[in-house]
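Everything on this sheet refers to the single structure shown next.
The values are calculated or read from the model by the stated rules, or taken from the named source; none is laboratory data. As the structure is a prediction and not an experimental result, all values here were calculated from the model. Quick reminder, even Gly has a Cβ in these numbers, built from the backbone with ideal geometry, and neighbours come from all protein chains shown. Note: accessible area is taken over every heavy atom of the protein model, side chains too, but ligands, DNA and RNA are not part of it. Shrake-Rupley method; radii C 1.70, N 1.55, O 1.52, S 1.80 Å.
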Amino acid sequence: MMYSSKAFYLLCVILLSLGAFGRGVSLTPRGAAKELSGDSRKEALDLLDASLTKLVTGNGPSYKVTKVTSVKGQTVAGTLNTFQVELAHGDQAGKDCTIKIWTQPWLTENGTNIKIQCTGDDQELSQTW
């Protein structure tokens, strides 16, 4: 009887400890998008600048990033970077936009796709090179 109450007490302590530990740990599913920081964030922002420049040379619109709210990265048959930004176009005031850039660097053609969707715009701009 004494062993069973000690075992029960020990089991309760272990379960409570595991429960407290589980609440403090944030598990991100493999492949899920995560907020980028440090060098990874800088590389993603460099890709954003290069992609917007490439968009202009391909007869696309000329956008200027005026504010970056969020930069997320995700590994998917390449890399998918998602940016929450404010974009200015010509004389127009900045709009809140989502930009997704999917890169597959091993492809010699059509290895990069950019999609831009701005608040209030009906259509999404999509271009691949």
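Looking only at the range 40-98, residues that are of a type in the set (G, A, S) and under 19 Å from the mean Cα position of the chain (by Cα) come to 8 in all. Selection over the range 70-94 of residues that are closer than 19 Å to D49 by Cβ and of a type in the set (A, V, I, L, M) gives a count of 5. For first residues located in the range 39-67 and within 15 Å of T128 (Cβ to Cβ), partners that are in a loop (DSSP other than H, G, I, E, B) and open to solvent by 60 Å² or more (accessible area, probe 1.4 Å) and lie 6+ apart or on another chain with Cβ distances below 7 Å form the pairs K54/W129; G58/W129.
Taken over the range 62-92, the criterion of being closer than 19 Å to Q127 by Cβ and not aliphatic (A, V, I, L, M) is satisfied by S62, Y63, K64, G78, T79, N81, T82, F83, H89, G90. Consider the range 113-124 and keep the residues that are farther than 17 Å from S62 by Cβ and over 16 Å from the mean Cα position of the chain (by Cα). The one that is surrounded by the fewest Cβ atoms within 10 Å (Cβ to Cβ) is D122. If I ask for residues that are assigned to a strand (DSSP E or B) and either in contact with a Phe, Trp or Tyr (Cβ under 8 Å, 6 or more places away or on another chain) or more than 17 Å from L47 (Cα to Cα) (or both), which ones from the range 116-129 would you list? Of everything in the range 116-129, those that are assigned to a strand (DSSP E or B) and either in contact with a Phe, Trp or Tyr (Cβ under 8 Å, 6 or more places away or on another chain) or more than 17 Å from L47 (Cα to Cα) (or both) turn out to be I116, Q117, C118, L125.
Among the criteria (1) assigned to a loop (DSSP other than H, G, I, E, B); (2) at pLDDT 90 or above, the one Q84 does not fulfil is (1). Name the single residue that is surrounded by the fewest Cβ atoms within 10 Å (Cβ to Cβ) among those in the range 97-112 being over 12 Å from S51 (Cα atoms) and modelled with pLDDT of 95 or more. Result: Q104.
Residues in the range 47-60 that are assigned to a loop (DSSP other than H, G, I, E, B) and open to solvent by 40 Å² or more (accessible area, probe 1.4 Å): 1 in all.
When I99 is tested against (1) free of Cβ contacts under 8 Å to residues at least 24 places away in the same chain; (2) of a type outside the set (G, A, S); (3) out of contact with any Ser or Thr (no Cβ under 7 Å at 6 or more places or on another chain), only condition (1) is not met.
Scanning the range 61-81 for residues that are open to solvent by less than 30 Å² (accessible area, probe 1.4 Å) and modelled with pLDDT of 95 or more yields S70, V71, G73, N81. When the range 94-115 is filtered for residues that are out of contact with any Gly (no Cβ under 8 Å at 6 or more places or on another chain) and in a strand (DSSP E or B), the ones remaining, listed by number, are G94, D96, C97, T98, I99, K100, I101, T112, N113, I114, K115.
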